[in-house]
Amino acid sequence: MTARLTIFGANGRTGRLLTARALEAGHRVTAVTRQPDSFPLQHDRLEVVRTDVLDPAGVDAAVAGRDAVLSALGVPPGNGPITTYSAGTANIAAAMRDHGIRRLVVISSSGVDPRPYSDGGVLFNRVLLPLVTRVLGRTLYEDMRRMETLLRDGDLDWTIVRPSGLYHLPSATDYTVVEGHADGRFTARADLAASMLDLLGDERWVRRIAGVITTVDNPPLLQWIRREAMAGG
């Protein structure tokens, strides 16, 4: 069944894949970005809207008349405070309520609930994971937790998607999705995008947290650190 979708964070690396996949599935898509001039996709069922998720009026306009909303917001870690996830999602949720829209799928991260991985080894579990989640990405994961709390305390039909370390694959795989924590260190962006659309249409995942991981063609750890670890989206 096709729908009218609004995608926030559409110009990020995951957001572009999500937008393309939604169009391929026959949906009508409103892609929200602060930089529409750099958005690479064109389609007769695509509308590209310039707005900031922190602008309530712009968010309200981007959501009005749609059937569901997906958030692929991505922010790189930093030392300063981060509010994009919580404040942006609060604006999205308020606009959805105002327009009677209930279905929302958002990207969070496995880093909000860090646990050792069975395939992680000492370097990953005892050094890299604490460094990223407690030091380098502390403010990012704190804001994601605020976002998740906001959704759990609200009344929307949300699904929170928690990928692990993101990396590039040319196409989606037979990814794994479980409730809560998924025991895998990596998630291909193509699988994350595919899972968001699949979960959007699956009522079993309403008001549940989905851990999504990719189990094939995972990158070597050092390569992933060099290319991906500190990037957003």
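Considering only the range 1-29, state which residues are of a type in the set (D, E, K, R), under 18 Å from the mean Cα position of the chain (by Cα) and either surrounded by fewer than 22 Cβ atoms within 10 Å (Cβ to Cβ) or part of a strand (DSSP E or B) (or both). Correct list: Arg13, Arg21.
Exactly one residue out of Val69, Val59, Val32, Val105 is farther than 28 Å from Val178 by Cα, open to solvent by less than 20 Å² (accessible area, probe 1.4 Å), not in a helix (DSSP H, G or I) and not small (Gly, Ala, Ser): that is Val32. Ala194 meets each of the listed conditions (1) touching a Phe, Trp or Tyr at 6+ places or on another chain (Cβ under 8 Å); (2) part of a loop (DSSP other than H, G, I, E, B); (3) not charged (D, E, K, R) apart from (2).
You will find that of Thr149, Thr159, the residue that is over 25 Å from Leu17 (Cα atoms), among the hydroxyl-bearing types (Ser, Thr, Tyr) and either at pLDDT 95 or above or over 16 Å from the mean Cα position of the chain (by Cα) (or both) is Thr149 and no other.
Can you confirm whether the range 141-159 contains a residue that is among the charged types (D, E, K, R), more than 18 Å from Trp205 (Cβ to Cβ), open to solvent by less than 70 Å² (accessible area, probe 1.4 Å) and not in a loop (DSSP other than H, G, I, E, B)? Yes, there is a match, as at least one residue in the range 141-159 is among the charged types (D, E, K, R), more than 18 Å from Trp205 (Cβ to Cβ), open to solvent by less than 70 Å² (accessible area, probe 1.4 Å) and not in a loop (DSSP other than H, G, I, E, B).
Within the range 76-102, restricting attention to residues that are within 30 Å of Glu203 (Cβ to Cβ) and in contact with a Gly (Cβ under 8 Å, 6 or more places away or on another chain), which residue is most open to solvent (accessible area, probe 1.4 Å)? Filtering the range 76-102 for residues that are within 30 Å of Glu203 (Cβ to Cβ) and in contact with a Gly (Cβ under 8 Å, 6 or more places away or on another chain), the one most open to solvent (accessible area, probe 1.4 Å) comes out as His99. Flag: Pro40 does not match the condition of being touching a Gly at 6+ places or on another chain (Cβ under 8 Å), open to solvent by 20 Å² or more (accessible area, probe 1.4 Å), of a type outside the set (A, V, I, L, M, F, W, C) and not in a strand (DSSP E or B). Among residues of the range 173-197 that are at negative phi, those with a beta-carbon under 6 Å from a residue that is in a strand (DSSP E or B) and among the small types (Gly, Ala, Ser) at least six positions away or on a different chain give the pairs Val177/Ala210; Val178/Gly211; His181/Gly211; Ala182/Gly211; Arg185/Gly165; Phe186/Gly165.
Listed by first and then second residue, the pairs with beta-carbon distance under 7 Å, at least 6 apart or on different chains, first residue in the range 35-54 and polar (S, T, N, Q), second assigned to a loop (DSSP other than H, G, I, E, B), are Gln35/Asn11; Ser38/Asn11.
Taking the range 211-233, which residues are open to solvent by 40 Å² or more (accessible area, probe 1.4 Å), at pLDDT 80 or above and part of a loop (DSSP other than H, G, I, E, B)? Within the range 211-233, Thr215, Val216, Asp217, Asn218, Pro220 meet the criteria.
The values are calculated or read from the model by the stated rules, or taken from the named source; none is laboratory data. These numbers come from a predicted model, not from an experiment. With ideal geometry, Cβ positions are generated from the backbone for all residues, glycine too; neighbour counts draw on all protein chains shown. SASA here: full protein model, heavy atoms, side chains in, ligands and nucleic acids out. Shrake-Rupley method; radii C 1.70, N 1.55, O 1.52, S 1.80 Å.
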